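Peer 1: Can you read through this structure? Questions will come right after.
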Amino acid sequence: MRLQLIRPNRPDINAQYRLLRPAFNQVRDAKLEFDFCCDAVAQKQASLYHLKGKGVSVRFVGIVTSDNDYLILAMTGNGLVAAAPIIIDAVKSQGYRAIKYHTVRQGMKRILQRFGFSMTATTEHDTVMTLYLEGC
């Protein structure tokens, strides 16, 4: 599989952002969250990646928090189960303390739990899933 950084100065960046839009389905204040995500990439506070390979095409946006956690702001595409170990290994190799992901979807919670994520917080709007990485 190939993990590609999508730089914000690409001529097709708006098309790349549109491909992220499904990640915000069912999210409260979806437009606000989508705009925040795109602005964070445009201002180089977050990074947009495309992981692709046989049966896999996943785009995600991640940002590093002040706690040295890697927070995934958005993720969408096909083949997440196959993509997850690659993403986890890539994040782990950078020395982050944990991977965090907010979700409103029960199916995503089940997928993440398969990879060792646990529920660390809930609100009336979403659930925070966290994977603490070894050596932290």
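The values are calculated or read from the model by the stated rules, or taken from the named source; none is laboratory data. Keep in mind the model is a prediction, meaning the values are calculated, not measured. Positions of Cβ are generated from backbone atoms using ideal geometry, with glycine treated the same way; all protein chains shown enter the neighbour counts. All accessible areas refer to the heavy atoms of the entire protein, side chains included, with ligands and DNA or RNA removed. Shrake-Rupley method; radii C 1.70, N 1.55, O 1.52, S 1.80 Å.
Peer 1: Working only within the stretch 89-135, note down all residues that are touching a Gly at 6+ places or on another chain (Cβ under 9 Å) and part of a strand (DSSP E or B).
Peer 2: 99, 131, 132
Peer 1: Considering (1) touching a residue at least 40 places away in the same chain (Cβ under 8 Å); (2) open to solvent by 60 Å² or more (accessible area, probe 1.4 Å); (3) among the polar types (S, T, N, Q), say which one residue 47 fails and leave the rest.
Peer 2: (2)
Peer 1: Only residues that are assigned to a strand (DSSP E or B), of a type outside the set (A, V, I, L, M, F, W, C) and surrounded by fewer than 17 Cβ atoms within 10 Å (Cβ to Cβ): list them for the stretch 51-81, please.
Peer 2: Scanning the stretch 51-81 gives 53, 57, 78.
Peer 1: Kindly establish whether residue 95 is on the phi > 0 side of the Ramachandran plot and in contact with a helix residue (DSSP H, G or I) (Cβ under 9 Å, 6 or more places away or on another chain).
Peer 2: no
Peer 1: A follow-up question, please. I'm trying to understand the selection: among the residues of the stretch 108-118, which are of a type outside the set (Phe, Trp, Tyr) and either under 22 Å from residue 37 (Cα atoms) or crowded, with 19+ Cβ neighbours inside 10 Å (or both)?
Peer 2: 108, 109, 112
Peer 1: Suppose we keep only residues that are among the polar types (S, T, N, Q) and in a helix (DSSP H, G or I) within the stretch 11-26. Which one would you say is surrounded by the most Cβ atoms within 10 Å (Cβ to Cβ)?
Peer 2: Per the criteria, the residue is 16.
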